[in-house]
Every structure is written in C-alpha cells, then in structure tokens.
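The values are calculated or read from the model by the stated rules, or taken from the named source; none is laboratory data. Please read all numbers here as calculations on a predicted model, not as lab measurements. With ideal geometry, Cβ positions are generated from the backbone for all residues, glycine too; neighbour counts draw on all protein chains shown. SASA here: full protein model, heavy atoms, side chains in, ligands and nucleic acids out. Shrake-Rupley method; radii C 1.70, N 1.55, O 1.52, S 1.80 Å.
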Amino acid sequence: MATNGNQQVTDAQEHEDQTKSASKQGTRVFKKSSPNGKITCYLGKRDFVDHITHIDPIDGVVLIDPDYLKDRKVYAHVLAAFRYGREDLDVLGLTFRKDLYLASMQVYPADAAQQRPPTRLQERLIKKLGANAYPFYFQLPSYAPASVTLQPAPGDTGKPCGVDYELKTYVGETMEEKPHKRNSVRLAIRKVMYAPEHPGPQPSDDVTKDFMMSPGPLHLEASLDKGMYYHGESIAVNVQVTNNSNKTVKKIKITGKCSALTHTSILAVFFLELQQMLSHYYQC
C-alpha cells in the first residue's frame with residue numbers, strides 16, 4: 001500500500017512539473033532568413049484556417065538591415081497558384097500553372113495607407129527584435145481556394161499538381177521588380193479547412209423515366225449512408241427501384257466520381273449524377 005501511495009505522489013509531481021514547464025514555453029515562431037542574411041521573416045504559423053465565417057489573417061514581421069537597404073524598399077506578397085501539369089512538360093514559356101490570387105504590400109518604409117494596429121504576435125516580436133522589425137498583414141478573401149495536393153503517379157518528378165500558397169518578402173526598388181534570391185525569403189504556407197464537427201443531411205437523389213406504350217413510369221432513388229467519407233472508408237449506396245412499367249430492368253450501374261474543385265472549399269467529393277447518367281444506371 002505504501003508503494004502505491006508513493007507512486008501516486010510521484011505521478012502528481014511529474015504532472016505538476018510538466019504543467020509548469022509548458023507554461024514557461026513561449027509562442028512557437030517560424031523564422032527564415034535570406035541567403036545574404038539581410039532580411040529575416042517571422043511567422044507565428046504556416047497553416048491558416050478557413051472557419052467559413054472568417055479566415056485566419058497572415059501576420060508576421062520582417063527584420064531588416066537599414067544599412068544594406070539604403071534607398072531601396074522591402075515588399076511582401078502572398079501568391080496562390082494552381083499547377084495542373086508536370087514541371088518537366090513546361091516548354092517554350094508554356095507552363096501548366098495558373099495564378100489564382102496575388103496580394104502585395106510595402107513593408108519598409110511603412111506605407112501609411114496600409115498601416116493597421118499590430119496584432120498581439122507582432123507586438124511581442126517587435127518588442128523582442130527591436131526597431132528594425134516591421135509588421136505585415138494579409139487577409140485572404142473568402143473566395144481564395146484551400147491548399148490541396150494531388151497524389152502524384154509513380155514515376156512523376158517535380159512539384160505535384162494542386163493549389164499551393166507562398167509568402168515572399170524581398171528587397172527591390174519597386175513592387176514589380178523581379179526579386180533576387182540572395183535578398184528574398186520564400187515561405188510555403190497553407191490555407192486549410194477542417195471537416196465539420198456535425199454531419200450534414202444524408203445525400204439522396206431520385207429520377208423518373210416514362211416509356212412510350214407503358215402503363216406507368218420507372219422510378220429510381222439512390223442515397224448514401226452519410227455525406228462525408230475519409231480515406232480508406234467504404235461508400236455504401238442504397239438503391240431503390242420502383243418499376244410500374246412493362247419493361248424489365250436488366251442492369252443497375254453505380255459510378256463514383258472524384259473532383260477537385262477550385263473554389264472557396266476545394267474538396268474531394270463523391271456524388272451520383274443520376275440526371276445525366278440515367279442511361280448508364282439501368283438498361284431496359
């Protein structure tokens with residue numbers, strides 16, 4: 001009994017020590033410097049969540065070296081692009097890549113028209129890094145697509161197809177100037193969406209077909225057991241046929257289609273196209 005009591009006390013002390021240790025840990029910050037070390041970008045996170053009602057802002061700071069900049073400026077931009085072909089197929093200036101969203105701002109010197117109150121993270125970073133740290137802030141629009149990566153085929157090389165986001169900070173005379181690698185910082189970021197906690201309504205659809213010289217129609221109804229499936233799950237389809245005609249149903253065919261949609265929520269969805277594929281579901 002004494003041994004059990006000592007064990008309980010030891011476990012309680014370890015839990016208390018872990019709690020104190022966690023409370024002492026600061027906020028995790030992502031940091032990346034340019035190859036020449038003259039500008040450094042700080043971000044609090046690299047995954048920004050779309051909550052449907054709002055999207056997490058992209059906020060951070062850039063630490064600069066004023067002696068290196070002289071009369072030049074520091075810019076930041078966020079680019080969302082959709083790649084729909086392999087990189088090795090890009091020839092003669094033709095690329096299988098399309099820019100979907102681009103936002104830019106001048107970080108240094110600060111533009112009065114773009115200034116806004118700093119966030120809590122920016123206040124803490126500026127306080128720690130000093131006067132040479134300048135904030136930047138981007139708010140993605142509601143129509144900005146979510147990040148998605150399509151599974152590459154065996155043997156594919158290069159960047160996979162899908163939608164990706166990039167945050168770039170660079171030194172230049174103008175915002176349109178092509179940045180040099182030595183004084184620019186690139187950070188891959190993601191716009192993500194999480195599955196809803198509460199399931200939606202059960203998906204279902206139905207269609208009716210009439211036949212010439214037939215006393216009644218043929219009615220077909222299909223439904224799924226739920227509206228959301230995860231990788232590896234089986235899709236159960238319930239099919240009900242009501243045949244009031246004088247035709248004989250010989251075959252019922254069910255097909256699943258996976259689509260990557262480039263809108264506000266890029267999701268892989270399975271659905272039944274009953275209206276368009278009626279002739280493929282049954283043969284009379």
How would Ser214, Ser142 line up by accessible area, probe 1.4 Å, largest first?
-> Ser142, Ser214
Separation of alpha-carbon centers, the range 127-178 and the range 43-81, rounded to whole Å | 9 Å
Starting from the Cα of Arg190, step 7 Å toward the Cβ, then list every residue of the range 34-66 with an amide N under 19 Å from that point.
-> 43-52, 55-59
Applied in sequence order to the range 166-182, the curve 6.51 cos²θ - 1.76 cosθ + 1.60 (Karplus, θ = phi - 60°) yields integer Hz couplings, x standing for Gly and Pro, of 9, 9, 10, 10, 8, 9, x, 6, 10, 5, 7, 5, 6, x, 8, 5, 5
In nm, to one decimal, how far is the modelled label at Asp65 from the one at Met212, with both set 7 Å along Cα→Cβ?
-> 8.4 nm
The ³J(HN,Hα) series, computed from each phi in the range 233-246 with the Karplus coefficients 6.51, -1.76 and 1.60 at θ = phi - 60°, rounded to the nearest Hz and given as x for glycine or proline, is 7, 7, 9, 8, 10, 9, 10, 10, 10, 10, 9, 9, 9, 9
Could you state the accessible area per residue of the range 124-239 in Å², with a 1.4 Å probe and every protein chain left in place?
-> 65 Å²
Could you give me the ³J(HN,Hα) list for the range 50-62, computed from phi with Karplus coefficients 6.51, -1.76, 1.60 and θ = phi - 60°, whole Hz, x at Gly and Pro?
-> 8, 8, 6, 6, 7, 10, 4, x, 9, 10, x, 9, 10
What FRET efficiency comes out for the pair Lys178/Lys128, r = Cβ-Cβ distance, R0 = 35 Å, nearest 0.05?
-> 0.60
Arrange the residues Lys250, Lys32, Lys98 by how much accessible surface each exposes, largest first, with a 1.4 angstrom probe.
-> Lys250, Lys98, Lys32
Just how large is the dipole of the range 139-240 about the Cα centre, in debye to the nearest 20, putting +1 at every Lys and Arg Cβ and -1 at every Asp and Glu Cβ?
-> 680 debye
Count the net charge of all other residues whose Cβ sits under 14 Å from the Cβ of Ser234, scoring Lys and Arg as +1 and Asp and Glu as -1.
-> -1
State, to one decimal in nm, how far the label point of Asn36 lies from the label point of Ala113, with both points 7 Å from Cα in the Cβ direction.
-> 2.8 nm
Rank Asp210, Asp71, Asp205, Asp56 by accessible area, highest first, at a 1.4 Å probe radius?
-> Asp71, Asp210, Asp205, Asp56
Lys and Arg at +1, Asp and Glu at -1: add these up for the other residues within a Cβ distance under 14 Å of Ser142 and post the number.
-> -1
Kindly report, to the nearest 10 Å², the accessible surface of Thr174 as traced by a 1.4 Å probe over protein heavy atoms only.
-> 70 Å²
Asp65's amide H: which non-local residues (gap 5+, or another chain) put their own amide H closer than 5 Å, with H modeled 1.01 Å from N in plane and none for Pro or chain starts?
-> none
